[in-house]
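Have a look at the structure below before the remarks.
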Amino acid sequence: MSAEQELVRLYATGHRDFRGIDLSGLDFSGATLKNANFAGSQLRGTNLESANLDETCFDGAELINAKLDNASLTTASLKGADLSEASLTNTTLVSANLCGSVILNASLKQTNLWQARLNGAYLCAYFEEVNLRNAKLIGAMFSESRLEDTNLESADMSGAYILEVTMFRVDLTYAKLNGARLEAEMRNVNLSDASLIGAELFGVLDVSEDIIQWLENKGVIFKNTTMPCGSIYTSASFLE
């Protein structure tokens, strides 16, 4: 019996505690391991494609180079997990807890992170068509990431560090960026009804008209946007 078959057999008998074990390189694609506990386990290069991992715990686990495409991790816990170089295409992480996780050089395409918690997470990855609506990203670190066609509507990014990031067609309507540090290349970014109270844009709190005009020329939308100084700003094109 293979290691994969033995674990699935144990799971079928009601065993759920798989903490601190090495499952690196194994193939659990399509498996149902819902509500299991893999806290602190090694899952380097493990194939979890299309697996049902809802409510499963991966706190502190190493998921480096893991394959999680099409997997379901609704309300799963990945606090402090290392997802570096993981593949997360079409992965469901609705309401998942990824606080303090590391997502370095990972690929997220059509990933659903609606209402997920990523407070304090380190994010250096490629986000394409990712749903981060209503996500919590308080104090998160975005570094050298690319966000394309990504939905951050109503996300809470208060105190986040968004450094050397490229944003292209990103929806930040109603997002909270209070106290955030924002140094990003932005094109066609929607900041309507967003709040930037106390935020630093390109190293300054007092955002000049020149900076605003420069951003507007790149397709950045300001409509009822609360600026770092607390004033409400709407682009002239919406007032005509």
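The values are calculated or read from the model by the stated rules, or taken from the named source; none is laboratory data. The shown structure was predicted, so the numbers you read here are calculated from the model rather than taken from an experiment. Positions of Cβ are generated from backbone atoms using ideal geometry, with glycine treated the same way; all protein chains shown enter the neighbour counts. Only protein heavy atoms, including side chains, enter the accessible area calculation; ligands, DNA and RNA are left aside. Shrake-Rupley method; radii C 1.70, N 1.55, O 1.52, S 1.80 Å.
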Response to the item:
Being hydroxyl-bearing (Ser, Thr, Tyr) and under 24 Å from Asp69 (Cα atoms) narrows Ser143, Ser154, Ser158 down to just Ser143
Worksheet item: Got a sec? Which of Leu163, Leu201, Leu147 is within 24 Å of Gly120 (Cβ to Cβ), open to solvent by 20 Å² or more (accessible area, probe 1.4 Å) and in contact (Cβ under 8 Å) with a residue 12 or more places away in the chain?
Response: Leu163
Discussion item. With the requirement that a residue be open to solvent by less than 50 Å² (accessible area, probe 1.4 Å), closer than 19 Å to Thr89 by Cα and not hydrophobic (A, V, I, L, M, F, W, C), what does the range 117-144 give you?
Written reply: Glu128, Asn131
Response to the item:
Quick count over the range 67-116, residues being assigned to a loop (DSSP other than H, G, I, E, B), open to solvent by less than 30 Å² (accessible area, probe 1.4 Å) and either within 21 Å of Met141 (Cβ to Cβ) or of a type in the set (S, T, N, Q) (or both), is 14
Practice prompt. Can you tell me which residue among Glu183, Glu216 is open to solvent by 40 Å² or more (accessible area, probe 1.4 Å), more than 26 Å from Leu108 (Cα to Cα) and of a type in the set (Asp, Glu)?
Written response: Glu216
Discussion item. Can you tell me which condition Val207 does not meet? The list is (1) open to solvent by less than 40 Å² (accessible area, probe 1.4 Å); (2) part of a strand (DSSP E or B), and all the others hold.
Written reply: (2)
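Limited to the range 30-66, what total is found for residues that are in a loop (DSSP other than H, G, I, E, B), polar (S, T, N, Q) and more than 15 Å from Leu93 (Cα to Cα)?
If we filter the range 30-66 for residues that are in a loop (DSSP other than H, G, I, E, B), which is where we start, we get 30-31, 33-36, 38-41, 43-46, 48-51, 53-56, 58-61, 63-66.
Among the residues that remain, those that are also polar (S, T, N, Q) are: 35, 41, 46, 50, 56, 65.
Narrowing the set further to residues that are more than 15 Å from Leu93 (Cα to Cα) leaves 41, 46, 65.
The total comes to 3.
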Worksheet entry | Residue satisfying all of: in the range 210-230; β-branched (Val, Ile, Thr) and not in a helix (DSSP H, G or I); nearest to Ser158 (Cα to Cα) among these | Thr226
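Please tell me if Asn35 is in contact with a Lys or Arg (Cβ under 9 Å, 6 or more places away or on another chain), farther than 22 Å from Lys136 by Cα, open to solvent by 60 Å² or more (accessible area, probe 1.4 Å) and not basic (Lys, Arg).
Values: in contact with a Lys or Arg (Cβ under 9 Å, 6 or more places away or on another chain): yes; farther than 22 Å from Lys136 by Cα: yes; open to solvent by 60 Å² or more (accessible area, probe 1.4 Å): yes; not basic (Lys, Arg): yes.
Criteria met by Asn35.
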Worksheet item: Considering the range 3-29 alone, what residues qualify as being open to solvent by 40 Å² or more (accessible area, probe 1.4 Å), under 19 Å from Ile64 (Cα atoms) and part of a loop (DSSP other than H, G, I, E, B)?
Response: Arg19, Gly20, Ile21, Ser24, Gly25, Ser29
Fill in: Selected residue (only one of Leu191, Leu172, Leu152 is more than 15 Å from the chain's Cα centre (by Cα) and buried (at least 16 other Cβ atoms within 10 Å of the Cβ))
Leu191
